[in-house]
Amino acid sequence: MIDAFDRKILQQVQRNNLLTSTEIADLVGLSPTSVQRRLNKLRATKVIEADIAVVSPVAADRPLTMLVAVELARERSDIIDRFKRAVRERIEVMSAYYVTGETDFMLIVSAKDMPDYESFTRDFFYNNPDIKGFKTTVVMDRIKASFSLPL
C-alpha cells in the first residue's frame, strides 16, 4: 500500500515527470536516495503504470480527435476479447474503455483529417462483422489532457 510520502511523490511526478530525485526530495521532505527507492518500488508494483509524454496532435500531424461509441453485435466473451485485441493493435486508437450503458466501448481516436478517419472507419468498423454500429463525436477543442489522479 502507498503511504503519505508515496502520495506526495506521486503528486509531484503527476505534475512533472521530468523532476529529478533531488528536486522531488526537496518538495516532499525526503532524501534523494529515499525518493529514488520509493519511485523504483512504485514502478515495480505498477502504482506508476507508465512514463509517458503528452504530444501535441497538431505537431504529430493528427489534429483531429474523435470520441467513438461502439456497440457490438453480440455480447459474448470471445467477441469482447477479440475486439479488445483489435483495439490494442490500432495506433489510431489513443484510449479505449469497456463501458456499461447503451454502448459497449468508448474509443478516443486520432486522425490526420476526415478522409483519414473515414479510411479508419471502413477498415476497422465496417469490415468487422462483430460490430453492430458506432457513433462518432468530433472534438472541437481539447480542454484538458491528463492521466493525473487526485491523491
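What follows is calculated from the coordinates using simple rules that are stated; it is not laboratory data. Note that this is a predicted model, so its numbers are computed, not measured. Neighbour counts run over all protein chains shown; Cβ positions are idealised from the backbone, glycine included.
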Farthest positive-ward along the chain dipole, Cα basis, beta-carbon charges - from A53, F5, I79: F5
Estimated D of the stretch 1-134 in µm² per second, where Rh is the Kirkwood radius over Cα pairs and Stokes-Einstein applies at 37 °C, 0.692 mPa s: 184
Reach of K41 by Cα under 17 Å, taken over aspartates and glutamates that are not fewer than 8 positions away in the same chain: D3, D6, E49, D51
Shape call, the stretch 4-44: gyration tensor on alpha carbons, a/c limit 1.5: rounded
Rounded Å value of the spacing that divides the Cα centres of the stretch 80-104 and the stretch 1-50: 31
Sparse-neighbour loop sites [GluC sites (Glu not before Pro); the stretch 21-87; at most 11 other C-beta within 10 Å; DSSP]: E49, E75
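How big is the charge dipole of the stretch 29-130 about its Cα centre, in debye rounded to the nearest 20, if each Lys and Arg gets +1 on its Cβ and each Asp and Glu gets -1 on its Cβ?
780
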Net charge of neighbours whose Cβ lies under 10 Å from the Cβ of D6, counting Lys and Arg as +1 and Asp and Glu as -1: +3
Rough spin-label spacing in nm, given labels placed 7 Å along Cα→Cβ, for A59 and K132: 4.2
Computed [θ] at 222 nm, deg cm²/dmol, the chain (DSSP H ≥ 4; -39,500 (n - 2.57); rounded to nearest 500): -11000 deg cm²/dmol
Environment charge at R43 (Cβ cut-off 14 Å; Lys +1, Arg +1, Asp -1, Glu -1): +1
For the stretch 64-138, alpha-carbon Rg over 2.2 N^0.38 Å: 1.01
Reachable lysines, given that their alpha-carbon falls under 26 Å from the alpha-carbon of K112 and they are not under 8 places away in the same chain: K84, K132, K135, K144
